Every structure is written in C-alpha cells, then in structure tokens.
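For reference, the structure discussed in these notes is given below.
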Amino acid sequence: MAQKRRTSANFSSLPVILLLGLISLPLLLMYAYLFIDTVTDSQAGSLVPSQFTLRHWSFLWETKTGKPNIWRVTFNTFIFASSITAVILLVSSMAGYVLSRLNVPARGVFLAGVMVLHAFPSVTLIIAIFVVLQWIGLYNSLIGVILVKAAIDLPLGIWLMKGFYDTVPWEIEMAGLVDGASRFTVWRRLVLPQIKPAIMALGLFSFLTGWSEFILPQVLAPGAQVQVLSVYLAGLIVDDNNFDFGTFKAVGVFYVVPVLILYVFFQKHLMNIYGGGTKG
Amino acid sequence: MRILLEKFSKSFGSTKVIEDMDLDVGSGEMLALLGPSGCGKSTTLFSICGIHRPTSGRILFGNKDVTDLPSQERNVGVVFQSYALYPHMTAAENIGFPLTVRRVATAEIRKRVAEIAALVHIDNLLDRRPSQLSGGQQQRVALARALIRRPDVLLLDEPLANLDAKLRLEMRSEIRRLQKETGITAILVTHDQVEAMSMCDRIAIMKAGEIVQIATPSEMYNDPRTAFVAGFLGNPPISFLKGTAEQGEFVLGDGSIRLPLAALSGMPDGTPLMLGVRPEHFGNGGDVPVTGRISFAETQGRENLYDVMFADGSVLRSIQPVRGDLKPGDDVRWNLDSKAAFVFAEDGRRL
Amino acid sequence: MRTSRTLGLVMIAPAAIMILLFYLMPVILTGVFSMTNMSTATGISGGAFQVTQGAVNRLRTEMPEIADAISEPRFVIDEAGIAAVEAAGLASAIAAELRTEHLGEVHASRREAERMIKALKERPSTRQTKQISDFFNRSVINTRFESREALMEGLKKLGVTLTPEQQEAMARATYTGWVWTTDNFRVIGNSPDMAQVFVNTAFYVAVTLLLFNVGYALFLAVTTHYMPATTASIFRAIWLLPRITPVVIYVLMWKWLTWDSGFISMFMGQFGHPPKNYLLDSAYNAWFFVILINGFIGASMGMLVFSSAIKAIPEAQFHASEVDGASRWQQIRYIILPQLRWPILFVTCYQTLSLLASFNEILLSTRGGPGRATEVWSLAAYHTALQNYTGNLEYGLGAAMALVLVVIGVILSLIYLRVFRYDTLISKPLIED
Ligand SMILES: Nc1ncnc2c1ncn2[C@@H]1O[C@H](COP(=O)(O)OP(=O)(O)OP(=O)(O)O)[C@@H](O)[C@H]1O
Ligand SMILES: [Mg+2]
C-alpha cells in the first residue's frame, strides 16, 4: 500500500534518489571518516588510510594528566542522562494525566503555560540559572544540572504525555471507577499501561538528549568530578597542545555509539517525537 | 434493589440535557431506556453509576440516598457499549479486577472468577487478552466483570450495538437469562426497540431528556400515549395519515377516506388529526374498506410488505402473508381495522 | 468528594514547582539582574566598603578636599594606639611618654610620625619604630569596612566629618558590591558592537531558516515523497543523524572537514591549493559553514513535520492530478505546497525561536570568530556573562542581553499560542468526581 503510494506510476523516482544521494554524500563521508580515522593512521596529506592502529583508543586505559578518567566521565554521563529520564518520565506522566483528565483549577492556564514554554527558548535563561545555582549551592554538582535539564525538557514531556493520554478511551477509566478503583489506582493500574509505548519513546528521547547535552553541563557543572562526556570532549578539543583528530574522533565514537545503537533500534519511536517539535 | 430517581436534572454547562426526570425501577426488574440518539440515555445511566453528578434531584438505591456517593461506593456493575475491557489484562484479570481493588484474597478471586466465567460460558478463554477475543466473547467478559462483585444494580449501555445480527440475538437471551438468574435490578440503554421489547420487563421511552411513557412492552405497543411512542415501537413501523375531524369521523385530507371513530365524539369539526395504523391492521380483515394503488412492494421472506398510496399522496403500509399476485401499480381495495387505529392530536397526544 | 481535584493538585505539583523554580524564577531574575551591574568584580551577594585609589579618584570630581584628605595616610596618637603599644610588650616607658607628651597629635605622614617616635627617650630600634607607628596608623585608604557605619566611624577617627550628602557620595564611591543601574540598556542601545551583533543575528536566523529549516526541509520532504518507501525512510534516517548526534561530535566532524589538515584542505591540495583553515580564514567562509552546520540540524524537524503532512494528503488527489496530466512540478506547486501552509507556519515560528536562542554550534565551531564576525546575540550574551577572556564576567549586562531574547521569546511564543489555538485542545473531563 505505502509502497504503491510513494512510487507513482507516472514518475520515475530514480532522478530524485540520485540527486538526494549526491547531496547526502558529504554528510555520509563525515560519518564514515569519523569511524575510519579512529582505527587507522594515514600519511600526511592523504585521505587513504595506510595502517591499522589502536593508539587513538589509548584514552580508554590511560588517563591524561589534567584530565579526568574516561570511565568516571562516562559514569557521570550515564547518571546524568538516566536521572533526567527518570525525573522527566515521573513528573510529566503525572502532570500530563492531570492536564488530560483531571478536574483541577487553572488547568487551562497551566496547559497554555506549558505550550508557551514548550516553544520558549530556555537557553536564554542560563545566566539567571547559573546565578541561582551558585546561590543555592548546587553549582558544579550533578544534581543541580540534572534538575535544570529535566525542567527545561519538561514542557515538551508534559505536552507529549497529555497528547498520549488523550487517546486513552474515557470508558476504560469509567469502568475502573465503577469497578471500585480510586482515581489514583485507575491511573496507575489501568491508564499508565495503555501508554507504555509513549513512555518508552519519551524515555528514550530524554535519555538521548541528556546524553548529548553540552551547554548546560559546560556552564553549570564544568568541574572534573562531575564532568560529562560532552564537556570532556569539548575540553579535549580546546586543548591546543595535543591536537590529534584521531583521538578526538575515538572519544567521539565512544560517546556516539550508544546513541546510534538506540537510534537504529528505536527509530520508529523517536521519529514522532523529533517531528513533534523540539528545540534545535 | 429498587432504583429511584427523583426530580433528577442534569446539565453540562449551559446545555440542559435532563430536566426533572422521575423514574422508579422495581427490585429485580429489567427496564429499558429507549430513545433516539442524543436524548440523554447515557447521561442518565452515567448519573446512576456516579460518573456524572446530577445538577439537582436525588438518586436512591433502595432506601439509601446515593446522590453524593462516589462511583466506587455505589456497588453498580456497568457494561459499556465498547465493553471497556482493560487491554493489558487477561480475561481472568479483567473479570477479577473489581475484587482485586477490594483486596479480596487471590484464591477467593480465582474461585469466583471461575464461577462467573462458567455462568457466562467463557471458562476456556480466561487466559486470553481482549484483543484475542471475538466481539461476543468480549461482551461476555464485560458482563462477567460487571457481575462478579454481586452488584446491587446492573447498567448496560447499548451492550449489543457492536455485535453482528446473529450474535445480538444470542446475547439478548443470554443477558436476560443472567439477569433473571441473579435477580439483579437492571437498566438497559438502547435505541433498538426490538431489543427493548424482547429483553425487558418495562420500557421507558425518552425524548429530548424526558420520559414520554413508561410501560410494559405490550402496553406500550397497544396503547401508546403519543405519536412519537407509536412511531418508535413496531417493525415495520406504524404509518400515519393526516386529516381532520368531521361529525365524529376522521376524514383524510381530500375526503376519499372517512372513518367513524369512537374517540372523536364531541370533537369540533375541522380539528386537525393524525391517524396511526400499524401494518398488521391494514389489509388483514378490518372493517373500513379503502382504495389505493400499490406504490412499493417488498418481500421479507415469510411476509410481504406493501405501501399503498391514496389519491392525496398519503401512504399506508400493510404486512401480509406472502402472496405472488400483486405488484406495484396494481389498484387494491383493502380493509382497515378502525378499532385498532390510534388517533392523535396535531401535537402528537393520543386521543 | 472531589478526590480527583486533590489528586490532581498533588500530581501536578512536582511539575509546577520545577517550572516555577527553573522557568519563572529565572525569567524574573533575568529581569532583576539586567537592572544591576553584577559581575565577577562585584560578586553576586552583597559587598563591602573599600577606599581604593579608584574610589578616591571617583570622589575627587565631586569633593576634591575630602578626597585629598582621605587619600593621605594619618597617624593619630590616641589611647587605642597606646594601649596596643603596651600590649605589644615593648618597654613601658615608650607608652608612658607617648601618653604624657604626644597624646592627640596627628601626623600627616608615616615619615613624620616615625621621626617623632625615633626621638622618644627610649630610642626604639628601626624595627620597633615601624611596629609602633603601625599602631597609630589611622589611614582609611585600602581599608575594608564591612558596613557603611564602620566606614563613617573610621573617617571620623581620622578627623573627617561629612555632611549627609557627602556621606552618601562617599558610600557610593567606595561600595564594592553590585548596585542598581540602567546602564546595561544604555550600553545595548548605544554600542556599535551590539548593533553589529544584532545584524549578525538577523542575518543568521533569516538565512538559516529560509534555506534550511524550511527550504531544505521542504525539499527533503517532497523528494522523499516521490521515492519508494524504504529508500525514503533511509534518507530520512540519514538526515535525522545531525539531530541525533551529540553536538560536540557533530561539530568535531565539521572541524575535521574544514581544518587546515582536514578533508577540504587535502582535497584542494590535489589541485595545488595550499592548506588553510576553511572555517576561520574569512568571515565569508565562517558564515557559510555556520549556516550549513546549523541548517543540517534544523532541516530535520521540518522534514518530519512536512513529510507527515504530505502523507496526510488524500491519495486520490495525486491520482486525479496525474490523470489530468499534471507534471511532477505542477503536483508540488498546486497540490502539496498549498496544503503545507500551516505546517510551514508552525515550523517557521518554532524554529525562529530555536535559532534565536541556540548558540551551541557556533560556540563549538567558530566561537563567534574570526574576530567577532559570527557572533550572534545569544552567544554574545553567553560570552559577556559566562565566558570571556578578560575574566570579568558581567552578569548584569549579560542578563540584559538575555532579557532582550526573553522578551522576543515570550512575544513570539504567545503569537504561536494564538496561531495554534490551544483552546481547541482542552476539553472538560467526562468523569465528574
Ligand atoms: N460532557 C458533555 N458536555 C456537553 N454536552 C454533553 C456531554 N455529554 C453529553 N452531552 C449532550 O447531552 C445530550 C445527551 O447525550 P447522551 O450521551 O446522554 O445521549 P444518548 O441518548 O446516550 O445518545 P446515543 O444513543 O447517541 O448514545 C447530547 O445532546 C449530548 O450532546
Ligand atoms: Mg449513549
């Protein structure tokens, strides 16, 4: 069906495929070399790799002086991304339900607020947030930056969750009520299971954006103890003394592989959310 | 348990849906709420089970005022039109859910689920999820779930609307059997008159938020209070003739038909009237002969249906045993049973 | 009764608190900070009063005599000083003689005071002289006072008494903490640098939006529409990669492409061009790459939104137009584009806001360079307040710059809310408990 619809009998699709292939080539080239350069050496001025090597990967077993240990940084990143995911899922699955189903005062105002914030460029608040975190003593701590990042992604989460809840039939909830369940039980036992795929998608999405986030940790938690991979890699690149693309790329690949794996496996889930509007 | 609605009204914002409805359903009775789409049947039902709150008036179960009681504490069983089964639970979990939330012991739940499943004949399907069940099986699961808590009241919102014709017939008697066996008070919402007549002790016909008439099926059929009620019951439906009163007789628009009717004595001449004649009371015996032309003929297998058009363009329907001698265009002179005909005032009131 | 209301309030509370804390409060604080001169130098909490050379210079224009008076060191022979001498364990005769002979004397300089001390009968050593003179040093210059009262007290001891207006001026000149001011907005309004940044931003947003976030996104959506399903989804997956890839790596790949030992340099080397840094060698090139880098990321959202909008067009319309003999271009022009009006408006609104605020990619690639050629507004705010080379982070000015964005953001997102009528999205709950 879908197959038939796209390829209209009257038009050949070959020209557009060739054209788009050509345009996509630079992008593919960049990604291809991202991987090739991490395990090869090539002569200066040549693009053809001349020998296989693992020396770019030495950062995995040797800690450079002045740099935090890569495993520690990876661990931080993992904690960062998964905490954000947990906070967003928990908070937005509750708030989304309220906005979709429950009779609370000012529900409309809150929903409008969430919608505005969802489009609102939150990075503009980073200066104030920076000062706030210094005041309350959460500057340079993972907790602080986790809360900030989660809060910034929250409006999108709430918005999506509300949309998902809207698709659950009212009658399921009504049945739950007359069966004797409280509103909370109805939510927890009857409604939440219906939107499992949505929770999965939002969770993945939050994990990926958390894993990739750069500017917030860079500004709010740059310290070695709490560094995440993005800040680590950026620091490596800025350090002019040991300029080595091979190593940068190896760290980059180390950093990007989990993302790509998740993306490949859950592409369908994610497409909806990326299309549904996020910043960038 | 008896269900009593007293001066029950319900509005959504500024739209009034039900106004001052009184309804009394006797203990162990099964009542049909019958009416066209949008007349407020579901609204009434949802108010009885506590999903909607009445704007004013009272709702009583037995002697207990449940108006302000939340759904969870009313002990009603509801079967929804869409069944509203929980898709992520097996049939057994679905049926057992009302007990699970009441924290009944697992063994006890299992026992009662098995019992009720046997009652509705789905004991071999308990491990399946709703998506693996047919419409009729889902229907039975929903019934079992409504019955397992031994509710005081059973409410059914168009429970058969989503089934095919054969299953509908089967479930009709099934539901009636269960209701009788359990002796539960039940309200059935439907817009299918056959369903209402065949399943229920009494029928309440609703129109625009009001109960027009409430009576047993045969009373309702033989003694409708308004033209609306008469038109709602009966298949094929009753047909109406427009006319006026003249010296105690009903006179069709152009005067080609005159019927002496007892109900019309003393009626001033020229009063506009409506005459309702059911198809079985035209062309099968009767006392007043009328002449017309067959405008439409249809066979229903065992019976034939004829539309007979008169000179002024009005039509009477007749249902008769199958015969092959008539076709559209033929002129006929058939008798009309004037004693079985209903006379209505212009506003639909029965005279 | 009304259990759902209580439950609702409880369940929405965490979201409300987080939004309050990390959206509303920062917005208000951005406004507040923008009215101050907060910076690394002033600190973010309160300050102290310190009579620095700079403060004296500032005072000199207003009240030259007092400025002179306080800038000179003063040595006052007073009881407090004498007590200190006694406590220091020096010969007791020194203190006694100072009390009887010199109490109340004021010496205008250290030299004068030390000459007097040297002349004491006890003949203190040079080291002792210095020590003793310190006990009588009552200068205020470079002294830190924790409060305004302490400052005035110190001045009084020095023999300087000030009228209330003078006190006010003195306090203002010597205060080291932040103060309220509207200077930030004057700077934003008047500085040619800011004007340049503003022009940069407008150029950057307009061009990226037009060429990529909408233009190229449309191109992708339409071309993939005319492909077999699997091919189309492969291309969509490829063009979503820039969005998925963490920004640091993504920019790293571009750097590799444009660096002087990178791909383009090597490629051009084959044709005899000397290697150079294509990213930063000229403002023209920098802009070219900045727009590509951001555009490739930005195209993905439009691509997905437009694709699903095209998919929603009834198939019959395409068949009918083909039967009517429409060319592919005519199909696009007369069937697809007119039906994408709302999605295009949506993406435009949304992406304008994102582009205005996003500076990740520029920060990581050109850092606003070469010079300040690719400095955009949000990046400039970041540089001003959070990362600059002079080391003095000007939170106040940065906040004022951010406030400009906040205001634009609020206005645009309110428009966005109106355009996408949210009131149709909210309906009354069906369960009334
Ligand atoms: N939540 C609501 N808000 C506003 N109006 C409502 C609401 N629910 C129902 N109504 C209105 O109340 C009237 C009665 O609705 P109800 O659902 O009770 O009809 P019904 O008799 O069950 O019809 P059907 O046979 O189609 O199910 C309708 O006109 C409907 O539009
Ligand atoms: Mg209904």
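The values are calculated or read from the model by the stated rules, or taken from the named source; none is laboratory data. Model, not experiment: these values are computed from the prediction. Backbone-built Cβ (ideal geometry, glycine too); neighbour counts: all protein chains shown. Remember, those area values only see protein heavy atoms, side chains included, never the ligands or the DNA or RNA. Shrake-Rupley method; radii C 1.70, N 1.55, O 1.52, S 1.80 Å.
A few notes on this one:
- Qualifying helices (runs of 4 or more DSSP H) (wholly inside segment C:10-126; at least 2 residues being within 21 Å of C:Leu162 (Cβ to Cβ)): C:53-62, C:64-71
- Test result for A:Phe59, of a type in the set (A, V, I, L, M, F, W, C) and buried (at least 22 other Cβ atoms within 10 Å of the Cβ): no
- Looking only at segment C:235-264, and only at residues there that are of a type in the set (Phe, Trp, Tyr) and within 15 Å of C:Asn294 (Cα to Cα), the one that is surrounded by the most Cβ atoms within 10 Å (Cβ to Cβ): C:Tyr250
- Selection of segment B:73-106 for residues being assigned to a helix (DSSP H, G or I) and either surrounded by fewer than 23 Cβ atoms within 10 Å (Cβ to Cβ) or within 16 Å of ligand 2 (Cβ to nearest atom) (or both) yields B:Glu73, B:Ala92, B:Glu93, B:Leu99, B:Thr100, B:Thr106.
- Some residue of segment C:1-20 being of a type in the set (Ser, Thr, Tyr) and open to solvent by 70 Å² or more (accessible area, probe 1.4 Å): yes
- Tally, over segment B:1-15, of residues that are surrounded by fewer than 15 Cβ atoms within 10 Å (Cβ to Cβ), more than 16 Å from ligand 2 (Cβ to nearest atom) and either assigned to a strand (DSSP E or B) or modelled with pLDDT of 90 or more (or both): 1
- Filter pass, C:Pro343 being within 30 Å of B:Gln72 (Cα to Cα), in contact (Cβ under 8 Å) with a residue 24 or more places away in the chain and within 12 Å of chain A (Cβ to nearest Cβ): no
- Close pairs (8 angstrom Cβ cut-off, 6 or more residues apart or separate chains): open to solvent by less than 20 Å² (accessible area, probe 1.4 Å) in segment B:28-51, within 9 Å of ligand 2 (Cβ to nearest atom) and of a type in the set (Asp, Glu) anywhere: B:Lys41/B:Asp157; B:Leu45/B:Asp157
Yes/no matrix, rows are residues, columns are (1) assigned to a helix (DSSP H, G or I); (2) under 22 Å from the mean Cα position of the chain (by Cα); (3) at pLDDT 90 or above:
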{"residue": "A:Val116", "(1), (2), (3)": "yes, yes, no"}
{"residue": "A:Val123", "(1), (2), (3)": "yes, yes, no"}
{"residue": "A:Val132", "(1), (2), (3)": "yes, no, no"}
{"residue": "A:Asn140", "(1), (2), (3)": "no, yes, no"}
{"residue": "A:Val145", "(1), (2), (3)": "yes, yes, yes"}
{"residue": "A:Lys149", "(1), (2), (3)": "yes, yes, yes"}
{"residue": "A:Leu154", "(1), (2), (3)": "yes, yes, yes"}
{"residue": "A:Leu177", "(1), (2), (3)": "yes, no, yes"}
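- Sole residue being more than 16 Å from ligand 2 (Cβ to nearest atom), on the phi < 0 side of the Ramachandran plot and within 17 Å of the chain's Cα centre (by Cα), chosen from B:Pro151, B:Pro130, B:Pro217: B:Pro217
- Filter result for C:Leu353 (open to solvent by less than 40 Å² (accessible area, probe 1.4 Å), touching a residue at least 60 places away in the same chain (Cβ under 8 Å) and under 27 Å from C:Met303 (Cα atoms)): yes
- Total residues in segment B:170-202, condition β-branched (Val, Ile, Thr) and within 16 Å of ligand 1 (Cβ to nearest atom): 4
- Residue under evaluation B:Ile205, criteria (1) on the phi < 0 side of the Ramachandran plot; (2) within 14 Å of chain A (Cβ to nearest Cβ); (3) within 16 Å of ligand 1 (Cβ to nearest atom), criterion not met: (2)
- In this structure, A:Ala181 does not satisfy being in a helix (DSSP H, G or I) and either open to solvent by less than 30 Å² (accessible area, probe 1.4 Å) or among the small types (Gly, Ala, Ser) (or both).
- Residue match in segment B:257-266 (condition: farther than 25 Å from B:Pro224 by Cα and either open to solvent by less than 60 Å² (accessible area, probe 1.4 Å) or not in a loop (DSSP other than H, G, I, E, B) (or both)): no
- B:Phe61 being touching a residue at least 60 places away in the same chain (Cβ under 8 Å), among the aromatic types (Phe, Trp, Tyr) and more than 14 Å from ligand 2 (Cβ to nearest atom): yes
- Contacts under 6 angstrom Cβ, first residue in segment B:79-92 being more than 7 Å from every other protein chain (Cβ to nearest Cβ), partner within 16 Å of ligand 1 (Cβ to nearest atom) and part of a strand (DSSP E or B), 6 or more apart: B:Val79/B:Leu156; B:Gln81/B:Asp157
- Matching residues in segment C:127-155 - criterion: being open to solvent by 30 Å² or more (accessible area, probe 1.4 Å) and either within 13 Å of C:His102 (Cβ to Cβ) or in a loop (DSSP other than H, G, I, E, B) (or both): C:Phe135, C:Arg138, C:Asn142, C:Thr143, C:Glu146, C:Ser147
- B:Arg172 vs. criteria surrounded by 18 or more Cβ atoms within 10 Å (Cβ to Cβ), within 30 Å of B:Gln300 (Cβ to Cβ) and in contact (Cβ under 8 Å) with a residue 12 or more places away in the chain: yes
- Filter result (more than 14 Å from chain C (Cβ to nearest Cβ), within 9 Å of ligand 1 (Cβ to nearest atom) and over 14 Å from B:Leu188 (Cβ atoms)) within segment B:19-59: B:Pro36, B:Ser37, B:Gly38, B:Cys39, B:Gly40
- Considering the conditions (1) outside any helix (DSSP H, G or I); (2) within 13 Å of chain C (Cβ to nearest Cβ), A:Pro26 is excluded by exactly one of them, (1).
- Of all residues in segment B:178-192 being open to solvent by 40 Å² or more (accessible area, probe 1.4 Å) and away from ligand 2 (no atom under 16 Å from the Cβ), the one that is nearest to the other protein chains (Cβ to nearest Cβ): B:Thr182
- Looking across B:Thr244, B:Thr216, one residue alone is over 18 Å from B:Phe282 (Cα atoms) and modelled with pLDDT of 90 or more. It is B:Thr216.
- Criterion (more than 9 Å from chain A (Cβ to nearest Cβ), at pLDDT 85 or above and open to solvent by less than 20 Å² (accessible area, probe 1.4 Å)) met by exactly one of C:Asn285, C:Asn200: C:Asn200
- Failed item in (1) in contact (Cβ under 8 Å) with a residue 40 or more places away in the chain; (2) more than 9 Å from every other protein chain (Cβ to nearest Cβ), with A:Trp211 passing the rest: (2)
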